[in-house]
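Quick one: this structure, given as structure tokens, is what I'll be asking you about.
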Amino acid sequence: MKPAPLILALGAVVLVAGSCARRQPPQNDVLMKTITNFEEVVDAPLAHGKQVYSRYCAVCHGLEGKGDGFNAFNVKPRPRDFTDSAFVTRLDTALIVETISKGGRSVGLSSAMPPWGRTLSEADVRSAAGYVRYLARSAASAKPASDTLSQ
Ligand code: HEC
């Protein structure tokens, strides 16, 4: 085939495909809905983690995880600042989950970090751990790690 007819043929295919797509908008709607649902599903654990964290952890660790919740000044040692470089560089999900679930003492930290395994479901503990990681990670990517509160 010479170039000209080939281009014409391709053009025809594109036109036909285009008009088919235009005649079936419902399919596009379904696709968009699937994408939206997918985003909701992906964001859901983080949103839930934020809820759990804000309710149970922020009093000590602070809403942004900087260890500056209103109760932080009553506990010794100071609650962990999740955005400090020492923590960010050793993020270990299993250890974080264990710390939250069984408390500071079980992992060789202070008992000022309470055990949450009886208060929260396993899923809630995991969500909270995910949110702690999220806070640490976003701090690390937003700015050079700072250590505002040393313990
Ligand atoms: C009563 C205050 C208090 C509350 C409430 C609290 N924490 Fe803590 N948390 C602490 C303190 C204090 C430490 C530091 C213990 C140490 O360094 O010996 C700590 C340490 C931690 C650590 C370990 C950090 C490290 O250095 O490895 C994690 C993870 C953690 N907390 C998560 C949570 C989560 C998640 C919640 C909510 C479910 C929560 N904490 C609620 C006081 C608190």
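The values are calculated or read from the model by the stated rules, or taken from the named source; none is laboratory data. From a predicted model like this one, the values you see are computed outputs, not experimental measurements. Quick reminder, even Gly has a Cβ in these numbers, built from the backbone with ideal geometry, and neighbours come from all protein chains shown.
Could you check how many residues of region 70-101 are crowded, with 16+ Cβ neighbours inside 10 Å, more than 6 Å from the ligand (Cβ to nearest atom) and not in a loop (DSSP other than H, G, I, E, B)?
Selection size over region 70-101: 5.
Can you tell me which residues in region 53-64 are in a helix (DSSP H, G or I) and more than 7 Å from the ligand (Cβ to nearest atom)?
The first filter runs over region 53-64 and keeps only residues in a helix (DSSP H, G or I), leaving 53-56, 58-61.
Across region 53-64, the qualifying residues are S54, R55, A58.
I would also like to ask the following. Restricting attention to region 120-151, which residues are modelled with pLDDT under 95, polar (S, T, N, Q), within 12 Å of the ligand (Cβ to nearest atom) and under 20 Å from I100 (Cβ atoms)?
Q151, the sole residue that qualifies.
List every residue pair whose Cβ atoms lie under 7 Å apart, where the two residues are 6 or more positions apart in sequence or sit on different chains, the first residue falls within region 112-141 and is assigned to a helix (DSSP H, G or I), and the second residue, located anywhere, is among the basic types (K, R).
Y131/K50
Let me ask something else. Looking at (1) touching a Leu at 6+ places or on another chain (Cβ under 6 Å); (2) within 7 Å of the ligand (Cβ to nearest atom), which is the one condition that is false for G67?
Going through (1) touching a Leu at 6+ places or on another chain (Cβ under 6 Å); (2) within 7 Å of the ligand (Cβ to nearest atom) one by one, G67 breaks only (2).
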